[in-house]
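Down below is the structure, laid out as structure tokens.
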Amino acid sequence: MSKGIYVATIEPNSGKSVVVLGLMRMLLGKTAKVGYFRPIIEDTKEGEFDNHINTVVSYFELDINYKKTFAYKRSEVLELYNQGKSGDVIDHIIKKYKNLEERFDIVLVEGTDFSHENSSLELDINMLISKNLGLPVIIVSKGDGIELAEIADNVQLAHDTFKEEVDVLSIMTNKVNIEEVSELKSLLQTRITSGTDITVIPKIKSLSSPTLKEIVKSLNGNVLLGNNMLNSQVDNFNVATMQLRNYLSRLKDDCLVITAGDRADIILGVLQANVSKNYPKISGVILTGGLIPEDTVLKLVEGLSSVVPIISVNKGTFEVANEIGKIKSRIYAENIEKIETSIATFEKYVNTDKLANDLITFESDIFTPRMFQYNLLQRALKNKKHIVLPEGSDERVLKAAARLIDAHVVDLTLIGDETVIKETIAKLDIPLNTSDITITSPLKSPNFEDYANTFYELRKHKNVTIDMARDTMSDVSYFATMMIYKGHADGMVSGAAHTTAHTLRPALQFIKTKPGVNIVSSVFFMCLEDRVSIFGDCAINPNPNAEQLAEIAISSAKSAEDFGVEAKVAMLSYSSGASGKGEDVERVRKATEIVKEQAPHIKIEGPIQYDAAVDMRIGQSKLPDSEVAGQASVLIFPDLNTGNNTYKAVQRETGALAIGPMLQGLNKPVNDLSRGCTADDIYSTVIITAIQAQDI
């Protein structure tokens, strides 16, 4: 079952509130613990609540703090986007949503309102949010004001656009003329054949008509009488400028009378008509021009047996009429009648049993890089580890360290000269407080002699002398690795300024490999647009034989599962299935058979070409009976040349984030960076190293 559902609209005034209120009632009928979340709300004044949140939370009496129901105000998002920090926006939204997901059985997420001009950006943001939350989407559109064919065009375009990125559970077209409901539904079912549920909801007059409260707010009016009746609905309005005897015939049910404030005859006449059984009931009176009747007239009005709201505004009569005509009705917390009408409308026209069942049985296969990175961060936070960074004066290392400390995700030791490190931090204005980290220089460390003696004991059978051990231990990589060996740190990340051999040599000499592991290998977590793939081995082993390839595949499959990715292993080659011949193909074929024999639980296919491994259409055409072809998540390359070039090509050409390499098979985690790495790469690799350390 999905832990949430996302309601998105494609245009303003779609009637999204009807769907949200109806869904909330439906969900509360299925489970008691339902949360509510709006990623982005409209800008509100200090101390003022968002109307959508206030309505839903108060009516359904949800146990949720207001500040936890949203992530950003609109202006905050625009400012961050302008600063190029769109990724930060998504990360924070994921964090806020996940906090609710932990508390509730299911969370109803309501998208933005399309109340501003930049609708294309808003559409993209809603798709991006729903995708990164991994939620099925209900698309809400409006069906009034345009021809049926144009409505169908808009809905089909929205469906196809969303469908490319997320799972569309249902389409609900709202505010349709009652006589066109059946025709539009048939048209949409003809256009949209994906199996997405289609609902058409007719226009409900009582929901589209504004209340006096909304009109007063829009006109900045002053309520003279009837303040307790402002939830009265205004179905129509007209201007009273003629003589009373001529105007009375123009009154209609729930009509709002607009007249100048000095027309005592109109005011008294329409109020008398309101209590007369011979005339319709009016909703209220608007007095224009800032004119207020004399005290004697107001006293007379107050004494009537039935008084409707009387509102004074400063604007002119016809300006007021124009503004009222533009007011779009909203549903707010105090208007219980509209809320209940919305819920009743939803339940009448939506197949709630089918929708609930579709939601219960829904499973998303979307796993975005942002989701993956969030999960990594949360796992690392659960059991904080101590990571050592031997290249402490490197600018990229220091920038990554600042982010890591700010996130409180690890404890850090930087190896290097303390003065140089502090000067670099100050010169580059890096927001890193050195009191929050440990800075150690090997030769100045109180542990130096102990480390040198330990290395001597471990390597004296290799003719290492104590003097050689001291020289070796002055090297930052050896010193940092010894910290891990002695239990003074839990893991190490290096390689920003050193070769892979320099980083790995000390680990292989005395950290050594896990029992049963014959080869140290590596994987990259390739964060593509809509999935995370594991590439191995792209950093360590130049030309593995069949047995080594099999071990790399088994280790990589375990790494995938350890980090929340279902392992479907593709053993890559230049041919698929039994079609190819040659020494290289046979090596991959033999490696595949070894994996099947040693780890029969692993889903594996090989030999298989890259396109057949990741493209469902090609995979099914070449290997139709395979449970891996077209959906591989772990891709094992036949040699280092192929793997290293492929991961870099994918990274550069698609913009994918490559996290790693993460080394597999060592007793304690040591990870090597590319010398072209960024601060982001270091940040991610440290977090992965911390998670590896949790399992030791």
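Laboratory data are not the source of any read-out in this text; all were calculated from the coordinates shown. Please read all numbers here as calculations on a predicted model, not as lab measurements. Methodologically, a virtual Cβ is constructed for each residue, glycine included, from the backbone with ideal geometry; neighbour enumeration extends over all protein chains shown.
Among 178-185, 407-414, 520-527, how do they line up by average Cβ neighbours within 10 Å per residue, starting with the highest?
Numbers: 178-185: 14.1, 407-414: 19.0, 520-527: 26.0.
The most tightly packed comes first, giving 520-527, 407-414, 178-185.
Taking Cα atoms, how many degrees apart are the long axis of helix 148-163 and the longest axis of the chain, rounded to 10 and kept between 0 and 90? The answer is roughly 20 degrees. A straight chain from residue 253 to residue 194 at 0.36 nm per residue would run longer than the Cα-Cα distance by 16.7 nm.
Working note: Cα atoms of region 521-585, range along each principal axis, descending, whole Å: 35, 23, 17.
Each label was represented as a point 7 Å from its Cα along the Cα-to-Cβ direction; for residue 406 and residue 66 these points are 2.9 nm apart.
Remark: C-alpha extents of region 374-511 on the principal axes read 45, 34, 27 Å, sorted largest to smallest.
For a paramagnetic label modelled on residue 616 (point 7 Å from Cα along Cα→Cβ), amide N atoms under 17 Å away belong, within region 560-587, to 566, 568.
Stretching residue 558 away from residue 76 to a fully extended chain increases their span by 169.4 nm, per 0.36 nm per residue minus the current alpha-carbon distance.
Starting from 0.36 nm per residue, how many nanometres of slack lie between residue 291 and residue 276 once their C-alpha separation is accounted for?
Working: separation 15, 0.36 × 15 = 5.40 nm, distance 2.67 nm.
Roughly 2.7 nm would be gained on extension.
Once you divide the Cα radius of gyration of the chain by 2.2 N^0.38 Å, the number left is 1.27.
Across region 368-397, the residues whose backbone nitrogen lies under 18 Å from the label position 7 Å along the beta-carbon direction of residue 514 are 380. Assuming R0 = 45 Å, what is the FRET efficiency of residue 265 and residue 149, from their Cβ-Cβ distance, to the nearest 0.05? With a Förster radius of 45 Å, E is 0.35.
Set the Förster radius R0 to 60 Å, insert the Cβ-Cβ distance between residue 336 and residue 157 as r into 1/(1 + (r/R0)^6), and round the FRET efficiency to 0.05. Could you put the intermediate results ahead of the total?
Numbers: r = 37 Å, r/R0 = 0.61.
The pair residue 336/residue 157 has a calculated efficiency of 0.95.
Pairs spanning more than 27 Å between alpha-carbon atoms, out of 558/648; 30/603; 462/512; 96/217: 30/603; 96/217. Based on the Kirkwood radius over alpha-carbon pairs, what is the Stokes-Einstein translational diffusion coefficient of region 212-328 at 25 °C with 0.890 mPa s viscosity, in µm²/s? So the translational diffusion coefficient is about 177 µm²/s. Against the chain, whose longest principal axis is taken from its Cα atoms, helix 16-30 shows a tilt of about 70°.
For the chain, the antiparallel share of DSSP beta bridges with both residues in that region comes to about 20%. Quick one: net charge of residue 327's neighbours, Cβ under 12 Å, K/R +1, D/E -1? Net of charged neighbours comes to +3.
Per residue, how big is the convex hull of region 47-151 when only Cα atoms are used? Give it in Å³.
Looking at region 47-151, the number lands at 150 Å³ per residue.
Extending 7 Å from Cα along the Cβ direction at residue 443 and again at residue 227 yields two label points whose distance is 8.1 nm. Shape analysis of region 554-615 yields a ratio of the Cα radius of gyration to the Kirkwood radius, Rg/Rh, of 0.99.
Listed peptides 123-130, 483-490 appear in the order 123-130, 483-490 once ranked by packing, highest mean of other Cβ atoms within 10 Å at the front. Computing FRET efficiency as 1/(1 + (r/R0)^6) for residue 461 and residue 31, where r is the C-beta to C-beta distance and R0 is 56 Å, gives about 0.30. Entry for region 513-665 at q = 0.10, 0.17, 0.20 Å⁻¹: log10 I(q)/I(0) = -0.29, -0.90, -1.29, Debye formula applied to identical alpha-carbon scatterers, no solvent contribution.
Taking all C-alpha pairs of region 273-341, those more than 20 Å from each other amount to 51 percent. Across region 179-191, rounded Karplus estimates of 3J(HN,Hα) from the backbone phi angles (6.51 cos²θ - 1.76 cosθ + 1.60, θ = phi - 60°) give 6, 10, 4, 5, 4, 5, 4, 5, 5, 5, 5, 6, 6 Hz, Gly and Pro being marked x.
Just tell me which lysines come within less than 18 Å, Cα to Cα, of residue 175; anything on the same chain fewer than 8 places away is out. Cα-Cα hits under 18 Å: 16, 142, 185, 203, 205, 326, 328, 338, 348.
Per-residue ellipticity at 222 nm from helix content only, as computed over the chain with -39500 (n - 2.57) for each DSSP H run of at least four residues, stands at -13500 deg cm²/dmol. A simple packing score, the average count of other Cβ atoms within 10 Å per residue, orders the peptides 582-589, 628-635 as 628-635, 582-589, with the highest score first.
Per residue and in cubic angstrom, what volume does the convex hull of the Cα atoms of region 458-592 have? Intermediate values should be presented prior to the final figure.
Values: hull volume 21.8 nm³, N = 135.
About 162 Å³ per residue, rounded to a whole number.
Each label point was placed 7 Å from the Cα along the Cα-to-Cβ direction; for residue 242 and residue 354 their separation is 5.1 nm.
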